[in-house]
Structures are given as structure tokens and as C-alpha cells.
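Student: I have a structure I would like to understand better, so I am pasting it below and will then ask my questions one at a time.
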Amino acid sequence: MDVKLPNGEIVRDVPEGLSREEIIRRYVLPKKSEAQTIPEAQQPYQMPPVDIMGNPTDDTLAPVGATLMSGAIGTLKPIAGAAQFLGVNAPARKLQELSGQTSKIGGTAADIADFAGQMASPIPIKGANAAQNVVTQLAPKLAKSELVKGAVQGATSSAFNPVELGDKENYMDFLDKKLTDMGISAGGGAVIGKVAQGLMNPKVSDEIKKARDMGIELTPGQLLGFPNIEKKLTSAPISGSFVQKSLEDTNQQMNKAVANDALKHINAKLPEDVQAGSQMMEHLAEKVKTSYDNIADKINFLPDKNTIPFLNAVATKAAKEITRPDEREQFYEAIKNEFFTPLFENYKLNGKAFRDVESRLGTMANDYKNSANPFERRVGFALFDFQDGLRKELTRLNPEHAKELTGIHDFFKKYLVLQKAAGSAGAVNNANIFTPSQLATAARSMADKTKKATSKGLMMQQAQEYQNLLGKSVPDSGTAGRSAINKALGTAGEVLAGGAGAVSGGVLGAVTPILGMLGAYNPATKALLNTAVAGARPQAIQQAQPAISGALSRAVGNVDYTGD
């Protein structure tokens, strides 16, 4: 049968007996569905789905959008952090919510962008600089400290970093968390800033600079200022041998450094294959001989009208330090017999004759100076002063060789100090390798009482500098300090070995200090550490250091240490 639909359309050949509902289901609804279907080419463009921030949520664009949004969130956080001081928490909470969403979408890249946004925000930078200016005004000397600078940068940055607060937390809770964060950031900023300064623009003492310039590689303890504690480590089983070897190497480098300091006066230097100790002293003695031999044929001691008055004045001044008449007479008798009598035989001394006279006077002066009689020791110092006057006069009388003669004399005077140090009881028992304290004792023994009192004797200041850096020469023999160090090393090993089991923990506890010492005191690490601590940096790096140190210290303050 034929059926007319409500829209006027005639449907033919409809089976008999179908209900109205069945006719609609079969013939009306399918046509409506077809009418609503639009060809794909004719469908309007649909925007991709986005999140509440407008970021696309498809796999390709979502991370990019989240990362860009994170950077913007980061720059706004300091403003929200400042608002919290006024009791306004809504901006901080909203940014925290958005930050969490972008982190889920963008991942690590979004987190980095958030952090970079905080670092780039001008508010913490200006705030930290303003705080630094206040500290400078209140405590100028304190403000120069790198630790203080880093602490101020870290704490100020933390002040602008939002604190995460729960729904039930109030303003007092905010202050408690904020002060905690600022305290942690101040400490962390101080350490990070100081480390950055140490790496980029190290402030090292003049003593360390001199040691480095002279080719001395200091041990970790000497670089960091605890040489005497370091020496106690030498008693540690096995690992102590690494420390001892490193200390010995540094001490031998010191021996060669002072030898080269003496040799520089004659434009010479120790050969690389010459070892500290007996071999070095033999080399120096040979240099003394050849230096004088090479110039002996070129010079003469031919007095002019000023020579005798000058030498008489030198003798009179030297004799003033001799208080007893008997010793003063010994002094005058010595210079008469050893110098004036040979001179007046021909009223001239050639180079070799002068060297013989000077050498005999030096030997006599040294014998007197080592006398057990304090009055005779003054005779020795007086003879040294007269000998020095002779050298000066020889230089004046031979102006064409003045520079060479001055260098030889300066070299010889330092050689005498080194000879004394290498000949001391402790050095003799150590292959004539002397320590800073033995060098200081030798330099002091060669100086008169005036120079001793002012520490201006030859090589006295230099020896003291080495003693300050290297500490006392020989590790103390007491067991208290060493036992404490060994206990500390053992405890460190136990901590690192914790939880490893009784047997394995015991082994690790014993091995850990050994590995640690081997790592810290092997030559490669030692050289690297000396370069890192005392090496010169390019000017550009030095100039960039304050800005980078400040940025790193502020970065510590961008962390919410009290948040969940």
C-alpha cells in the first residue's frame, strides 16, 4: 500500500499491517539522518580542543604552548610572592595551579622555562641589588665578603618566591615558612656564590701565588689552610702513604724553588733531572765555583783614593756590635791578616787572589758564628759584614762587570743559607732535603740581631711564607691527633658502608678512606686542584664572575623548601 508522510511525501509499497511507529522508524528517521549528513569537503573548520589556559591539547602543539606559558608564569611569580607579604595569596595559588598544569603537559622543558622566567624577572634582581647596597652602607667591610654577597642574593630572591600555603594556614604560617626558606637560601646562596667566585675569579693569598709561580704544587690541605691537620693523616693505614708522598713531593719542589731563586741571580736554573737534596747542593756548589772562576780573569781589586776610607768605615761599623774588647781585637786582627796584609804587598789583588781572601774570611766568619760563645758569634757577624763591604767595593772598582759581580755575590749569599739548611741534623738524615722550618732556622742563624728582630734577614721572610703554607716540617709524633683523624676516617667509611651488611660494610668502610685519599692526593688531581684554586683566569671570566655568582645565588632562592 502507499502511505503519505507528514511532510507530504508519498511512500509506496508499504507492507500491510505496519503500525504508525514502525512506519516512522523505517521510512522517516533514516531520511532525517541522511539529510543531516554533510559531505566532509563542505564541513566548517573546527578549532582543536584547548585547556583552561587556551593551550592546544593535541600531542604536537601542547608541550610547546605549555613551555611558553611556563616562562610567563615564572616571570609573574615574584609579583605574587611580594603580594603574599600583604596577605594576598590568590595570585600565588593561581600561578601554582597553572604551573602544575603546564608541568604535566610540557614536562621538563616547561619546568625549566618556569625557572628561567623567575630568573629573568627584574624584581628579584633589583631587590637583591638594593639589599646589597643597604648592607654596604651599614657594614662596608662585611659587604665585601663573597659569602655575605651570596647570602644577600639568595635570601632576597627567596623573599620574592611564592610560598605554598594550605587552606587552613594563616599569615603566621606564611611568615614561618618564608623565614625558613630565606634562611636556607641565604646559606645555600653564600656557599654557591663563594664556589663560583673560587672557580671563576679565585682570591688567593700572595704566598700561594708566589708558590705557584715558583713551580710548587701544594697539597689539598696546604691550599685550603689546614696543613698541620693534613699531616696527621699520614698515620692512617695505607691511605696515609698517599698523603705522605704528596707532602714529600711538595717539600722537594720547595727545595728546588729556593735553589732556583738563588740561581736566578746568575741567570741559571736547576736542570730538570737534578733532584732535591744532595744532588741539588752539589750542583749549587759547582755553580758557585764556576761563577767565580769565569769572572776571575776579568777583574782586579785595585784600590783608589776612596777604597781604604770606605773599608775602614765598614770595619768600624761592624765592630760596634762587638761589646767586649778581646773579641773586637780578634775581629780587627782577622781582617788585617786575611785582607789588608795581602792587599798591601802589591797594593792590588787579582781576581783569583781576591776570591781566596774573601773565601778565607767567609770560612772564619762561619766558624766564629757557630761558636758556643755568644761574644765570639758577634765576631762572626762582623766578619760577614766586612766581607759584604769588600764585595761592594770590588763591584765599584770594576764597573764594566758590576752587574755580573752583584749577581754572583747575591747568589753566593743565598747559597750559604741553603748550605746551612741542607747541613742541619734533620736534613742530613733526609738526604739533605730541608724543610721550611729548617730553612727558616738557617736564615735566622745567618742574620744579625737587628735583622732577626725585624725579620729582614736574607731569606727569612721567604722561609716564613713557606712555613705558613706547608706547616711544620715533620708530622708530630703524638698519637692523640692522629687517633682522632683515624677514628674520623673509620667513621666516614662506616657511614658510607651503612646497610651493606657486616662483612661487605666492613670492607667498604676500610676501603673508602683509601680510595678517597688516592683520589685526592694523586699527582693529576693535585695539579688540577692547584690550577682550579690558584690558576689565573681569562679577564672576561673574571669580569663576568660577580654577575654569574649573583645569579647562581639567586637561583637557590627560587626553590620553595617548605612546600609539599
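The values are calculated or read from the model by the stated rules, or taken from the named source; none is laboratory data. Quantities reported herein were computed from a predicted structural model and do not represent experimental measurements. Cβ: placed from backbone, ideal geometry, glycine included. Neighbour counts: every protein chain shown.
Student: Go through segment 312-334 and count every residue that is over 13 Å from F375 (Cβ atoms) and touching a Leu at 6+ places or on another chain (Cβ under 7 Å).
Tutor: Result for segment 312-334: 1.
Student: Go through segment 110-137 and count every residue that is under 18 Å from M182 (Cβ atoms) and either of a type in the set (A, V, I, L, M) or in contact with a Gly (Cβ under 9 Å, 6 or more places away or on another chain) (or both).
Tutor: 13
Student: I would also like to ask the following. Just give me the residues in segment 191-220 being in contact with a Lys or Arg (Cβ under 8 Å, 6 or more places away or on another chain) and part of a helix (DSSP H, G or I), in sequence order.
Tutor: G193, Q197, M200, P220
Student: Turning to a different aspect of this structure: Going through A463, A427, A447 one at a time, which residue ends up being among the small types (G, A, S), buried (at least 16 other Cβ atoms within 10 Å of the Cβ) and touching a Gly at 6+ places or on another chain (Cβ under 7 Å)?
Tutor: Unique residue meeting the criteria: A447.
Student: Please go through segment 296-318 and pick out each residue that is crowded, with 17+ Cβ neighbours inside 10 Å and aliphatic (A, V, I, L, M).
Tutor: I299, L311, V314, A315, A318
Student: Would you check which residues across segment 79-128 are polar (S, T, N, Q) and touching a residue at least 40 places away in the same chain (Cβ under 8 Å) and list them? Spell out the reasoning first.
Tutor: We begin by selecting, within segment 79-128, every residue polar (S, T, N, Q); these are 84, 89, 96, 99, 101-103, 108, 118, 121.
Within segment 79-128, Q84, N89, Q96, Q101, T102, Q118, S121 qualify.
Student: Are any residues in segment 138-169 under 21 Å from the mean Cα position of the chain (by Cα) and without any contact (Cβ under 8 Å) to a residue 60 or more places away in the chain, and if so, which ones?
Tutor: Answer for segment 138-169, where residues must be under 21 Å from the mean Cα position of the chain (by Cα) and without any contact (Cβ under 8 Å) to a residue 60 or more places away in the chain: L142, A143, K144, S145, L147, V148.
Student: When you look at F386, is it assigned by TED's automatic domain parsing to the domain that holds N300 and surrounded by 18 or more Cβ atoms within 10 Å (Cβ to Cβ), yes or no?
Tutor: Yes.
Student: Hey, another quick one. List the number of the failed condition for E272; all other conditions in (1) assigned to a loop (DSSP other than H, G, I, E, B); (2) under 23 Å from the mean Cα position of the chain (by Cα) hold.
Tutor: Unmet condition: (2).
Student: May I ask you to say which residue of G351, G380 is over 22 Å from A447 (Cβ atoms), of a type in the set (G, A, S) and surrounded by 18 or more Cβ atoms within 10 Å (Cβ to Cβ)?
Tutor: Being over 22 Å from A447 (Cβ atoms), of a type in the set (G, A, S) and surrounded by 18 or more Cβ atoms within 10 Å (Cβ to Cβ) holds for just one of G351, G380, which is G351.
Student: Give, as residue ranges, the helices (runs of 4 or more DSSP H) completely inside segment 340-434 that count at least 2 residues that are within 24 Å of K256 (Cα to Cα) and of a type outside the set (A, V, I, L, M, F, W, C).
Tutor: Output list reads 402-422.
Student: If you don't mind, another one. Which number in (1) buried (at least 16 other Cβ atoms within 10 Å of the Cβ); (2) more than 35 Å from the chain's Cα centre (by Cα) marks the one condition that K256 misses?
Tutor: Single failed check for K256: (2).
Student: Hey, among the residues in segment 146-187 that are surrounded by fewer than 16 Cβ atoms within 10 Å (Cβ to Cβ) and part of a loop (DSSP other than H, G, I, E, B), which one's modelled with the lowest pLDDT?
Tutor: D167
Student: Name the one entry in K289, K256 that is assigned to a helix (DSSP H, G or I) and either touching a Leu at 6+ places or on another chain (Cβ under 6 Å) or modelled with pLDDT of 95 or more (or both).
Tutor: None of the other options fit; the residue is K256.
Student: Still on this structure, please answer the following. So, V495, is that one modelled with pLDDT under 60, touching a Ser or Thr at 6+ places or on another chain (Cβ under 8 Å) and not acidic (D, E) or not?
Tutor: The answer is no for V495.
Student: Of the residues A83, A66, only one is in a helix (DSSP H, G or I), at pLDDT below 90 and closer than 30 Å to K178 by Cα; which? If you could, list the steps in order and put the result at the bottom.
Tutor: Numbers: A83 fails: at pLDDT below 90.
Being in a helix (DSSP H, G or I), at pLDDT below 90 and closer than 30 Å to K178 by Cα holds for just one of A83, A66, which is A66.
Student: Give the number of residues within segment 532-551 that are part of a helix (DSSP H, G or I), aliphatic (A, V, I, L, M) and modelled with pLDDT under 90.
Tutor: 5
Student: Inspect segment 404-414 for any residue being at pLDDT below 95 and either surrounded by fewer than 16 Cβ atoms within 10 Å (Cβ to Cβ) or in contact with a Gly (Cβ under 7 Å, 6 or more places away or on another chain) (or both) and give the result as yes or no.
Tutor: yes
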